[in-house]
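In what follows, a structure is listed as structure tokens, so that the remarks can point back to it.
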Amino acid sequence: MGSYLITGGTVVTATDTVTADVFIDGEQIAAILAPGSLLGAGLQREGVPVISADGCYVLPGGVDPHTHFEAEGQSVPVLDTFATGTRAAALGGTTTVIDFAYARPGERPAQGLDWYHSKADGQCAVDYGFHMMLTNCDEETVADVDQLMDRGVTSFKLYTAYTGTLYSTDDVILRMLQHSRRSGALMMLHAENGPAIDVLREQAVEAGQTEPRYHARTRPAALEAEAVHRVTRLAEVAGAPVYIVHLSSAEGLGEVVRARARGVRVLAETCPQYLFLDEDRLALPGFEGAGFVCSPPLRAKEDQEALWKGLSDRHLQNVATDHCPFCRDQRLPGVDDFRNIPNGLPGVEHRLEQVFHGGVAGGKISLNRWVEICSTAPAKIFGLYPRKGTLAPGADADVVIFDPHAGHVVSAKTHHMNVDYSVYEGQALSGAVRTVLLRGKVVVDDGRYTGASGDGRFLARGASITEP
């Protein structure tokens, strides 16, 4: 691995915005210096390649802490592999992903991690880590948690939804939160009231309400808020931090705000679909609305503004994608019953550009908060900082050169995710990722992918930074 000098750009981190040169030596950032100071020292004459970032922002590579590549837990498999999904991530300026591993029936969590390593190792275009899904809290599971933490998996996901498969009862959640307090693990919660949702879904189908729009109507925001409230109370009792995944509603956010006001260490993410799409998409004619089914579901337009404010006010820590794509024909099993539509949307490629467009260009957040939301905060929360999430001497040379003037339009014709449509088709974005370096290697050059499967490495993660 050689050296690079990035010149002419505005370096943006979570705390600073400065005109500076970035000197990369091997896989790490070597120095952030005044413009021209390295060139003046004769470095260019020694053959160090210079990358011009004139008119652009230079920022740390994005960290997406919520993806589902090659997932098999629903009626049909996710077609985006670790190779295709992480290549799309790289093209969108994301240089680190954390995917969700789970154990197949009859296996222990540690075996599930082995299975996911067999799928991801040698395939990823960006660096990667794993969370582990859990459904139980017996003595063996607790031992597995400790073993997985020794292997660099320090965050674990529980569900208050999906009865009969992934659902965890309150006693299991409390026990796992208590164990996390002792072990330093971070528990992540999918917060929706699953048993109540099951009642509403059954009643809707009995009434002949089988179209995709009833997916949202049977998963109301009130049942997200109830689950967030319950989970945060359990975390309060346990004295442990808790992380809420894919928060979708103003009501759910209100419970986060109230819990944080009581001193509970609650962290939460939202996703681009909840910032840019609304429930009207589920009512599109024919079966087109099926392409917008995800859980929690899309909400009202008013919820979008509340979530943006939550990001601005720091009640929401970051934006993750929950990338889980299915092609159009994969959703056909639900044509007569919305309950059979696979849940999940594509999005790993556009997150950095979308948050810039809606947040910075839209006047809702600052440049620094953009970098914090998309890179620094998830790196801190999931034990990767300061190796990831910042531009500073000693950090990995994961660097994005972002052109804020290179507007472009999102389309399935041009995206690189392995899915045959885009939920953001026609969305005009204000800026674009131009160049991406992964640990000092140029993997995207002028918008063209130049990396390779296997460029990414597994990241054994450390302790989380969970102060509210």
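The values are calculated or read from the model by the stated rules, or taken from the named source; none is laboratory data. Here the structure is a predicted model, which is why all the values come from computation and not from measurement. Counting neighbours? That spans all protein chains shown, and the Cβs are built from the backbone with ideal geometry, glycine included. Side chains included, ligands, DNA and RNA excluded: accessible areas come from the protein's heavy atoms. Shrake-Rupley method; radii C 1.70, N 1.55, O 1.52, S 1.80 Å.
Which entries of K309/K413; K364/K441; K157/K301; K380/K441 show an alpha-carbon separation above 30 angstrom in the structure shown?
Values: K309/K413 33 Å; K364/K441 33 Å; K157/K301 28 Å; K380/K441 23 Å.
Beyond 30 Å: K309/K413; K364/K441.
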Quick one: angle between helix 250-261 and the longest Cα principal axis of the chain, in degrees between 0 and 90, rounded to 10, please.
70 degrees
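Over the range 375-468, calculate the relative contact order: mean separation of alpha carbon pairs under 8 Å at least 6 apart, over the residue count, as a percent. Could you put the intermediate results ahead of the total?
Details: 141 pairs, mean separation 27.0, N = 94.
Over the range 375-468, the number comes to 29 percent.
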Principal-axis tilt of helix 82-91 within the chain, Cα atoms, nearest 10 degrees
50 degrees
Charge dipole of the range 320-440 built from unit charges on the beta carbon (Lys, Arg +1; Asp, Glu -1), centred at mean Cα; most positive-end Cα among G407, A428, T390 is T390
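Quantify, in whole percent, the carbon and sulfur part of the accessible surface of the chain (1.4 Å probe; protein heavy atoms only).
Numbers: 8120 of 16550 Å².
Its accessible area is 49 percent carbon and sulfur atoms.
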Restricting attention to the alpha-carbon atoms of the range 171-320, what are Rg (one decimal) and Dmax (integer), both in Å?
16.1, 52
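What translational diffusion coefficient, to the nearest whole µm²/s, does the range 87-166 have by Stokes-Einstein, given a Kirkwood radius computed over alpha-carbon pairs, a temperature of 4 °C and 1.567 mPa s viscosity?
Values: Rh = 13.6 Å.
Answer from the Stokes-Einstein relation: 95 µm²/s.
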I'd like to know which of T154, S464, H416 lies farthest towards the positive end of the charge dipole of the chain, counting +1 on Cβ of Lys and Arg and -1 on Cβ of Asp and Glu.
S464
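Using just the helices of the chain, give the 222 nm mean residue ellipticity in deg cm²/dmol: DSSP H runs with n ≥ 4 each add -39,500 (n - 2.57), and the total is spread over all residues, rounded to 500.
Numbers: 14 runs with 132 residues, N = 468.
Only helices count here, giving -8000 deg cm²/dmol.
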The chain: antiparallel bridges as % of DSSP beta bridges, rounded to 5, reads 45 percent
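Would you work out the relative contact order for the chain, in percent, from Cα pairs under 8 angstrom that are 6 or more residues apart? Each step should come with its number before you reach the end.
Numbers: 1125 pairs, mean separation 102.7, N = 468.
The value is 22 percent.
Specify the longest stretch of the chain that does not include any exposed loop site, a site being one of the trypsin sites (Lys or Arg not before Pro) with a non-H, G, I, E, B DSSP assignment and at most 11 other Cβ atoms within 10 Å.
Working: sites that count: R262, K413.
Value returned for the longest uninterrupted segment is 1-261.
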Going by average Cβ density within 10 Å per residue, which order do the peptides 22-31, 139-148 take, highest to lowest?
22-31, 139-148
Quick one: 3J(HN,Hα) in Hz for the range 202-213, Karplus 6.51/-1.76/1.60 with θ = phi - 60°, rounded, Gly and Pro as x.
5, 5, 5, 5, 4, 8, x, 8, 10, 6, x, 4
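Could you work out the relative contact order of the range 182-232, using alpha carbon pairs under 8 angstrom and six or more residues apart, expressed as a whole percent?
For the range 182-232, the relative contact order is 53 percent.
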Nearest-ten-degree value, helix 109-120 long axis tilted from longest Cα axis of the chain
50 degrees
Along the charge dipole of the range 71-205, Cβ charges K/R +1 and D/E -1, which of T95, T165, A196 sits furthest on the positive end?
T95
For the range 1-113, alpha-carbon Rg and Dmax in angstrom:
20.0, 63
Phi-based couplings in Hz for the range 320-326 (Karplus 6.51, -1.76, 1.60; Gly and Pro marked x)
10, 9, 6, 4, 7, x, 9
Using +1 on the beta carbon of Lys and Arg, -1 on that of Asp and Glu, and nothing else charged, what's the dipole of the chain about the Cα centre, debye to 20?
760 debye
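Leaving out ligands and nucleic acids, and using a 1.4 Å probe, what accessible area per residue does the chain come to in Å²? Walk me through the numbers before you get to the answer.
Values: 16550 Å² over 468 residues.
Roughly 35 Å² per residue, with all protein chains present.
Between S52 and S118, how high is the FRET efficiency from 1/(1 + (r/R0)^6) when r is the Cβ-Cβ distance and R₀ = 45 Å? Nearest 0.05.
Values: r = 41 Å, r/R0 = 0.92.
E between S52 and S118, to the nearest 0.05, is 0.65.
Below 13 angstrom from the Cβ of H415, what's the summed charge of the other residues (Lys, Arg +1; Asp, Glu -1)? List each step's numbers first, then the result.
Values: positive: R87, R351, K413; negative: D80, E349, E353, D420, E425.
Once positives and negatives cancel, what remains is -2.
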For the chain, just run the numbers: alpha carbon Rg, then divide by 2.2 N^0.38 Å, N being how many residues it has.
0.95
Under the Karplus curve 6.51 cos²θ - 1.76 cosθ + 1.60, θ = phi - 60°, whole-Hz ³J(HN,Hα) for the range 268-280, x wherever Gly or Pro sits
8, 10, 10, 9, x, 4, 7, 8, 10, 10, 9, 5, 4
Descending semi-axes in whole angstrom, ellipsoid equivalent of the range 218-283, from the Cα gyration tensor:
24, 12, 9
The alpha-carbon center of the range 62-122 and that of the range 209-275 are separated, in whole Å, by 24 Å
In bins 10 Å wide, starting from 0, what share of all Cα pairs of the range 368-468 does each bin hold, as a percent?
13, 35, 37, 15, 0
